[in-house]
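A quick write-up on the structure given underneath.
Taken together, the values in this text are just the output of simple stated rules run on the coordinates, not laboratory data. Keep in mind the model is a prediction, meaning the values are calculated, not measured. Every residue, glycine as well, gets a Cβ built from its backbone with ideal geometry; the counts of neighbours run over all protein chains shown.
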């Protein structure tokens with residue numbers, strides 16, 4: 001069995017940490033959104049890559065879902081005293097990752113190679129790949145103008161009204177080494193329960209990736225990030241509403257219609273099942289909210305049944 | 001009164017922190033060695049500048065003399081887990097300074113301007129200037145080959161036998177903005193009790209600085225870094241011995257003979273007084289060891305008397 005997964009941050013990390021409990025981690029290749037990446041104080045920060053790797057290594061902060069467990073913020077406090085903007089909360093231990101990554105980028109290593117080094121040090125056995133080694137920063141178009149993603153998401157707390165998205169220079173981006181290969185080799189492809197606009201869409205926009213999904217003979221399965229008209233985490237529901245879409249799993253399924261074989265819908269939304277099926281895909285009902293480890297593993301089992 | 005001081009690290013920091021207790025800090029301009037500066041994990045580190053500024057701000061680690069009081073080392077521990085060399089001990093709060101500096105260098109600011117920003121944030125009123133905005137890394141020539149200074153000093157703990165020093169690209173270096181001006185405007189110039197080979201010599205080697213001292217009408221006074229044949233801190237005595245020089249204050253006085261008006265010698269070395277006087281300079285005896293605040297201020301008063 002070879003599974004490739006397209007992943008954003010916290011929601012994806014939860015599903016994937018369940019999945020590696022029931023499969024051999026080496027069977028899973030995780031392709032991660034890097035549109036949220038940004039530079040801060042000269043340091044190159046990859047929030048989704050770090051959330052996935054910290055979670056799979058079992059060292060993520062369980063309360064926030066991002067950052068490291070029991071981290072401290074002394075360096076950031078000091079930078080604040082030096083007059084720096086410190087709205088992005090980076091812990092002392094977390095910053096080691098960013099210094100490490102930035103240093104090795106400066107030495108000429110690619111993001112894929114650096115991510116592999118970090119994952120090796122964290123003893124993560126499932127390969128984690130950035131979607132591209134290039135820089136393709138997501139810009140959120142809003143009624144207050146264009147905002148770099150973290151500016152919209154963290155600093156402005158998703159308050160400006162969204163009118164669209166730009167994935168800067170994505171047409172020139174190349175899939176990172178191993179990305180197309182893992183999609184081509186996969187028996188099954190999982191679209192994690194991540195924000196379709198800002199986590200999955202950037203991955204699909206990297207030239208070659210969406211085509212690889214469309215032409216794949218592997219079973220492609222998505223797990224809903226929307227339950228009962230709400231996002232489990234983050235601004236997905238708000239974005240659907242502001243983009244003039246129905247705030248439901250149907251809209252998400254429609255965004256993946258051209259390549260999806262099966263949609264894992266939350267039980268609470270069972271009445272949407274016929275509408276999603278009418279898009280030409282199978283529908284499976286599951287309890288998709290993961291609050292306990294048991295729920296996580298149970299969902300992973302359901303997903304695994306869909307994939308095989 | 002306008003005083004300019006040439007300074008290395010810990011010894012200089014102690015004398016200067018005494019001096020600003022008895023004069024208006026604005027009367028003192030401190031010109032600091034940057035030959036020890038180095039890059040580590042992409043971060044630009046200026047040990048002497050930081051030791052001076054942390055000490056004058058009252059936040060230096062009182063035990064080591066360098067680094068910050070009550071600092072933690074969580075980031076460094078994490079980098080060690082990622083497989084990085086962590087022989088240079090950088091604390092979490094200390095690293096904020098290096099990230100800040102590196103970021104602003106990357107933005108095109110000069111080291112002088114960045115140092116001013118840091119000192120402003122630390123509310124240090126005495127201007128602190130790097131000797132140059134350029135990069136002039138000190139190389140220690142040893143029987144084991146050429147070693148970058150921190151490699152010799154921290155990693156190898158001064159064990160290789162020294163045969164000489166190279167101040168890389170120093171001939172092309174320019175004094176930092178304000179350096180020659182402060183020397184020209186000074187009524188008095190202080191050579192701090194710093195290592196003559198690796199702290200003071202690099203400053204003097206920046207084109208224009210030694211000439212400014214030679215031609216200055218200001219009184220130029222040096223405080224001995226050698227007491228009773230030993231360095232108070234660091235490898236000065238060992239270097240004198242390995243370079244085939246007499247291990248005493250006389251050798252230091254000789255290195256400054258061409259511009260020095262007065263040498264502050266430790267009382268314990270009073271028998272050297274005639275030999276130093278014969279070099280054509282005044283000699284003043286003082287208790288130069290600074291273990292308590294009282295000793296520091298007492299020495300500062302003696303120095304001040306020499307300077308005026």
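Overview of values
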quantity: Scattering curve values for chain A, log₁₀ I(q)/I(0), Debye with Cα scatterers, q = 0.06 Å⁻¹; calculated: -0.18
quantity: Global geometry of the stretch A:1-42, whether rounded, prolate or oblate, following the gyration tensor of its Cα atoms and the 1.5 cut on a/c; calculated: prolate
quantity: Length-normalised contact order for chain A - Cα pairs under 8 Å, 6+ apart - percent; calculated: 20 percent
quantity: Mean separation of Cα contacts under 8 Å, 6 or more apart, over the residue count of the stretch A:28-87: relative contact order %; calculated: 18 percent
quantity: Value at 222 nm in deg cm²/dmol, rounded to 500, when DSSP H runs of n ≥ 4 in chain B each add -39,500 (n - 2.57); calculated: -10500 deg cm²/dmol
quantity: Estimated translational D of the stretch B:230-308 in µm²/s (Stokes, Kirkwood radius over Cα pairs; 10 °C; 1.306 mPa s); calculated: 119 µm²/s
quantity: Descending principal axes extents, the stretch A:70-135, alpha-carbon based, whole Å; calculated: 38, 27, 19
quantity: Neighbouring partner chain Cβ atoms per residue of B:87-97, average, 10 Å criterion; calculated: 5
quantity: Inter-chain shielding of A:118-128 (mean C-beta neighbours from other protein chains, 10 Å cut-off); calculated: 1
quantity: Shielding by partners, peptide A:67-77 (average Cβ within 10 angstrom, other chains); calculated: 4
quantity: Cα pair distances in the stretch B:1-77, grouped into 5 Å bins until the bin that holds the longest one, percent each; calculated: 3, 15, 23, 22, 18, 10, 5, 3, 1, 0
quantity: The stretch A:13-152 - Rg (one decimal) and Dmax (whole number), Cα, Å; calculated: 15.6, 48
quantity: Listed residues B:194, B:53, B:80, most fluctuating in chain B (Gaussian network, C-alpha, under 10 Å); calculated: B:80
quantity: The protein assembly as shown - convex hull of the alpha-carbon atoms, volume per residue in Å³; calculated: 154 Å³
quantity: Ranked list, fewest to most other Cβ atoms within 10 Å of each Cβ, for B:214, A:284; calculated: B:214, A:284
quantity: Full-stretch length increase - residue A:117, residue A:1 - with 0.36 nm per residue and alpha-carbon distance subtracted; calculated: 39.3 nm
quantity: For chain B, built as a Gaussian network whose Cα springs stay under 10 Å, the top-fluctuating residue of B:105, B:265, B:19; calculated: B:105
quantity: Choice from A:192, A:93, A:46 showing the highest fluctuation, given a GNM over chain A with Cα pairs closer than 10 Å; calculated: A:93
quantity: Stokes-Einstein D (µm²/s) once Rh is taken as the Kirkwood radius of the stretch A:262-308 over alpha-carbon pairs, at 10 °C in 1.306 mPa s; calculated: 144 µm²/s
quantity: Computed Kirkwood radius, in angstrom, where 1/r is averaged over Cα pairs of the stretch A:104-224; calculated: 16.0 Å
